[in-house]
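A short reminder: the numbers here are calculations on the coordinates, not readings from a lab. Treat the numbers as computed from the prediction; the structure is a model and nothing was measured. Every residue, glycine as well, gets a Cβ built from its backbone with ideal geometry; the counts of neighbours run over all protein chains shown.
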Amino acid sequence: MIDALNIAASGLQAASAQLNAAANNIANMNTPGYATQSVDLAAAPRGGVDVEGTFSSGGPVDLPKQLVNLKTAALMYDANGMVIRLTDQINGSLLNILDKPDNDSD
């Protein structure tokens, strides 16, 4: 269960980095000389995803692309949040099963 939480947490960090980059791009799209920022993600060795960094692509901000990036990051955030909630529910159910008295010993 810990692996699922760690993988989901890495997904939340990746989604957050992408949300921040897209929001920053949109906020600065009319700033002269501003270059679009992108987030570089890679598969983590033990599962999940690593944010390898943010880089400037050098081009102007493409608003439709940034809106798609925002939506994609929001979906990633929601999906990983759901994994965390479900893992919590599973752990709670397991604890409830383990806490029940053994009725067969009577």
What FRET efficiency comes out for the pair Asn28/Gln89, r = Cβ-Cβ distance, R0 = 35 Å, nearest 0.05?
0.30
Taking only Cα atoms and a 10 Å spring cutoff, compute GNM fluctuations for the chain and point out the largest among Asn30, Asn80, Asn20.
Asn30
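Kindly put Ile97, Ile7 in sequence by how many other C-beta atoms sit within 10 Å of each C-beta, fewest to most.
Ile97, Ile7
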Summing -39500 (n - 2.57) over every DSSP H run of at least 4 in the chain, dividing by its residue total and rounding to the nearest 500, the 222 nm mean residue ellipticity is -21500 deg cm²/dmol
Once you keep just the Cα pairs under 8 angstrom separated by 6 or more residues, what percentage relative contact order results for the range 2-98?
36
With viscosity set to 0.890 mPa s and temperature to 25 °C, compute the Stokes-Einstein D of the chain, Rh being the Kirkwood radius across alpha carbon pairs; µm²/s, no decimals.
153
Within 10 Å of each residue's Cβ, count the other Cβ atoms and sort Val39, Val83 from fewest upward.
Val83, Val39
Output the 0 to 90 degree angle, nearest 10, between the alpha-carbon long axis of helix 63-99 and the longest principal axis computed from the alpha carbons of the chain.
10
